[in-house]
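The values are calculated or read from the model by the stated rules, or taken from the named source; none is laboratory data. In this text, all values refer to a predicted model and were calculated from it rather than measured experimentally. Virtual Cβ from ideal backbone geometry, glycine too; neighbours counted across all protein chains shown. For accessibility, only protein heavy atoms count, side chains too; no ligands or nucleic acids. Shrake-Rupley method; radii C 1.70, N 1.55, O 1.52, S 1.80 Å.
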Amino acid sequence: MQDRARNPYSGLADHAFWDRSVGSLPLFALDPMAGPPVPETFRLTRQTRIATAGSCFAQHIADRLQASGYHYLVTEDAPAGLAPDAARARGYRLFSARYGNVYTARQLLQLIDRAYGRFTPADTAWERPDGRFADPFRPRIEPAGFDSPEAVEAERQEHFGQVRRLFEDLDVFVFTLGLTEGWQASADGAAFPLCPGVAAGTFDPAAYTFRNQPVEEVIADLAAFADALKAVNPRARLILTVSPVPLVATYEGRHVLQSTVHSKAVLRVAAQRLADTRDDTLYFPSYEIITSPEGAYRYLESDLRSVSKDGVDHVMRVFFRHLTDGGDQDALPASSRSLHEARREFARQAAVVCDEELLAAGGTRPWLGESSSSATTARSPSFQGAWGSLRRMLGSRR
């Protein structure tokens with residue numbers, strides 16, 4: 001008598017089953033990249049020229065690549081003699097070029113089109129409340145501002161030259177998708193990192209329009225960028241990630257949690273579509289690590305938005321394990337220090353510049369001096385104590 005045919009799930013590897021690869025594992029062992037090996041074309045060596053762009057979370061990847069001795073490609077570096085803190089405040093080495101936060105796929109596509117002269121927006125300079133001027137597409141790149149629109153344009157053209165050099169010289173481009181919501185010029189569709197009037201410029205509802213990109217547009221913009229990049233650099237490879245950081249605010253008429261889940265779902269689907277249809281594109285699951293059922297309350301600080309140092313450590317362990325020649329030995333070891341010490345070091349050594357933070361808290365970023373959780377809980381001793389007790393309780397589960 002013939003044996004009954006096995007069901008199609010019989011014999012699948014452990015990574016295909018929740019209880020074997022998520023539910024039964026301690027958090028530190030979670031590895032969403034486990035499974036089919038990464039194609040050799042995406043294996044990063046110390047000679048691979050790696051560039052980054054994207055939302056705030058992308059800055060962590062840049063920091064760790066540099067700290068681990070990989071060839072982090074920077075074409076727009078700080079002038080000699082500029083102190084590290086001042087350089088960071090002026091947008092140097094946050095990313096591979098001084099383009100600031102690039103939150104959306106539309107911004108990314110327009111960045112390469114503007115750099116190569118295929119798109120010239122009507123908005124060229126925004127005036128600040130102090131009478132100085134800012135670049136609408138990098139409104140915080142110069143904390144002191146520019147003294148004239150002409151100075152903005154001159155610096156922008158120099159910047160474009162470095163952006164072109166970056167796209168033509170890189171081997172791998174790591175882009176972290178952050179948002180689907182954004183503001184655009186009604187006349188020409190120019191996409192901005194911040195709504196006019198937040199850091200510079202004046203908001204005019206007749207001139208500027210809110211846009212929440214649907215998945216079809218995000219896919220189309222990412223594909224168009226990938227094609228444009230390959231046109232100037234045929235060897236370029238693209239690694240896409242999705243930022244796990246929730247929206248600081250939503251302009252949709254719904255709860256910010258709904259908008260966050262919607263936005264991340266759209267970005268995740270779009271990134272996977274490109275990875276499934278293009279040989280030159282890979283998806284890396286940093287979003288899944290931080291927002292996994294257990295990671296969500298271990299790897300987010302008390303504001304439930306800022307990613308902790310331990311969370312970044314975990315993401316980068318998986319990144320190095322699967323994408324680099326050095327593997328685990330090149331990843332910086334996970335912190336074994338107390339939560340308080342980890343917070344302080346994370347704030348001091350890897351302070352993240354995030355334009356979107358200006359939408360809340362009156363434009364302040366208290367976590368640049370301490371972690372955001374420290375700044376938040378300091379206002380309420382009772383909340384601080386309760387949160388500490390909860391963290392200790394959760395930490396004792398394993």
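Numbers for the structure displayed
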item	result
Filtered residue count, segment 60-71, keeping only those that are open to solvent by 20 Å² or more (accessible area, probe 1.4 Å) and at pLDDT 90 or above	1
Qualifying position, being over 20 Å from the mean Cα position of the chain (by Cα) and of a type in the set (A, V, I, L, M, F, W, C), among 185, 223	185
All positions within segment 276-308 that are of a type in the set (S, T, N, Q) and farther than 16 Å from residue 265 by Cα	277, 281, 302, 306, 308
Enumeration of residues in segment 81-97 that are without any contact (Cβ under 8 Å) to a residue 60 or more places away in the chain and open to solvent by 20 Å² or more (accessible area, probe 1.4 Å)	81, 82, 83, 84, 85, 86, 90, 92, 93
Flag for residue 107 being under 15 Å from the mean Cα position of the chain (by Cα) and assigned to a helix (DSSP H, G or I)	yes
Those strands (runs of 3 or more DSSP E) lying entirely in segment 136-236 with at least 1 residues farther than 23 Å from residue 278 by Cβ	181-185, 208-212
Failed item, numbered, when residue 55 is tested on (1) open to solvent by 40 Å² or more (accessible area, probe 1.4 Å); (2) small (Gly, Ala, Ser); (3) under 28 Å from residue 233 (Cα atoms)	(1)
Tally of residues being surrounded by 17 or more Cβ atoms within 10 Å (Cβ to Cβ) and not β-branched (Val, Ile, Thr) across segment 33-48	3
Meets criteria (over 21 Å from the mean Cα position of the chain (by Cα) and in a loop (DSSP other than H, G, I, E, B)) for residue 95	no
Flag for residue 125 being surrounded by 15 or more Cβ atoms within 10 Å (Cβ to Cβ), of a type in the set (Gly, Ala, Ser) and touching a Pro at 6+ places or on another chain (Cβ under 6 Å)	yes
One residue from 305, 273 being of a type outside the set (Ser, Thr, Tyr) and part of a helix (DSSP H, G or I)	273
Selected residue (criterion: most open to solvent (accessible area, probe 1.4 Å)) from residues of segment 222-267 that are among the hydroxyl-bearing types (Ser, Thr, Tyr) and either touching a Lys or Arg at 6+ places or on another chain (Cβ under 7 Å) or touching a residue at least 24 places away in the same chain (Cβ under 8 Å) (or both)	251
